[in-house]
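Please read the structure below before turning to the comments.
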Amino acid sequence: MYERELEATAAAMVAKGKGLLAIDESAPTCKKRFDSISVESTVENRRAYRELLITVPGAAQFISGMILFDETIRQSAADGTPFPAALKHQGILTGIKVDAGAKKLAGAPGEKVTEGLDGLRERLVEYRGMGASFAKWRAVITIGERIPSPYCLDANAHALARYAALCQEAGLVPVVEPEVLMDGKHTIERCFEATEATLRCVFNALYLQRVALEHMVLKASMVISGSECPKRAGVEEVAKQTLLCLKRAVPAAVPGIVFLSGGQGAEEATAHLNAMNLMGPHPWPLSFSYGRALQEPALKTWRGQSANVATAQKALYHREKMNSAACSGRYTVQMEQEKVAA
């Protein structure tokens, strides 16, 4: 029913030089971010900050879509324009986070499963009516002693596939996000094993649940050393191992892969994406769907002050521009100096 629309939306999401900006933090996560700049996480402060992110002049050159939270998709700019309408006016697609968060997986200590399938069909219809073109569901996979377990992988893959099928039924492109966390002391080799197992399980579930791979986007984590690993792999090794893993496990039918930053620093995430695109060509466009790695400089500049909005937007514009360049392997460290001159 929606095949042509889904195909066009997926293609637009991973258009050359463009990626996604994730601004879908839940209220507790947003509070942590605001606490770091000593700003109270009120409804109005969250709305004002999201307006800052949504209304960056010229962002559509680099950003194809933004992923919103339920609270945000229902909010409006100061002039009364609903956020989805503000995005549409700029030529940016509206996305929506639809999962209810990762909860403890029964019988599996240290592992989680994402919930939120109950009532999802009806919510997707509502979100589409509000202007959403795509949705996102995040699974969380932890690396540790004897984990991830097959049980955990199966449970999360099943939920991701059910969500994706419901999205396509409703005319929304599903962003499928099985995040392998970088928390821990594991090596890049261990991350490779866990990521490959995760992706194989997810795509098997997508196939079994009749999800059209050509009408979805994969949001993948990079194959990277654990954040506490004594000897962390460099940029080139991360790029090489990530590409090898993806080529082993991700079908070429997928129209594009966007990476999550997953705790990486802003410039680190950009450098990794750039290195991968320098190693092309690839079966799919490789782009970004960063949250903190795009937002952090803007957040620290804003600090809850309306007088800082313009400067904060320039900081976000700069990061968006840097990651756009990384989508075609054109990013250089020297380009970071542009922000000094701005």
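The values are calculated or read from the model by the stated rules, or taken from the named source; none is laboratory data. Just so we're clear, the structure is a prediction, and the values are computed from it rather than from any experiment. Don't worry about glycine lacking a Cβ; one is built from the backbone with ideal geometry, like all the others, and counts go over all protein chains shown.
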Hey, does the range 11-22 have a residue that's without any contact (Cβ under 8 Å) to a residue 24 or more places away in the chain and under 16 Å from the mean Cα position of the chain (by Cα)? no
Only one of (1) crowded, with 23+ Cβ neighbours inside 10 Å; (2) more than 17 Å from the chain's Cα centre (by Cα) is not met by ALA269, so which one is it? (2)
Of those in the range 193-217 that are without any contact (Cβ under 8 Å) to a residue 60 or more places away in the chain and outside any helix (DSSP H, G or I), the residue surrounded by the fewest Cβ atoms within 10 Å (Cβ to Cβ) is ARG210
Is it the case that the range 95-115 has a residue that's assigned to a helix (DSSP H, G or I) and either under 16 Å from the mean Cα position of the chain (by Cα) or under 18 Å from LEU21 (Cβ atoms) (or both)? no
When residues of the range 43-96 are limited to those that are hydroxyl-bearing (Ser, Thr, Tyr) and in contact with a Pro (Cβ under 9 Å, 6 or more places away or on another chain), the one farthest from ALA11 (Cα to Cα): SER76
Scan the range 1-59 for residues that are part of a loop (DSSP other than H, G, I, E, B), among the hydrophobic types (A, V, I, L, M, F, W, C) and more than 27 Å from ALA100 (Cα to Cα) and report the count. 3
Which listed residue, of GLU236, GLU228, is more than 21 Å from PHE288 (Cβ to Cβ) and not small (Gly, Ala, Ser): GLU228
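Quick grid of which residues meet (1) of a type in the set (Ser, Thr, Tyr); (2) surrounded by fewer than 17 Cβ atoms within 10 Å (Cβ to Cβ):
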site	(1), (2)
ALA85	no, yes
GLY95	no, no
VAL98	no, no
GLY107	no, yes
THR114	yes, no
ALA161	no, no
GLN168	no, no
Within the range 173-191, restricting to residues that are assigned to a loop (DSSP other than H, G, I, E, B) and free of Cβ contacts under 8 Å to residues at least 60 places away in the same chain, the one that is nearest to ILE96 (Cα to Cα) is GLY184
Name the residues in the range 278-329 that are modelled with pLDDT of 95 or more, within 30 Å of GLU214 (Cα to Cα) and part of a helix (DSSP H, G or I), would you? LEU278, ALA293, LEU294, GLN295, ARG319, GLU320, LYS321, MET322, ASN323, SER324, ALA325, ALA326
Quick one: would you say SER64 is among the polar types (S, T, N, Q), at pLDDT 95 or above and surrounded by 19 or more Cβ atoms within 10 Å (Cβ to Cβ)? yes
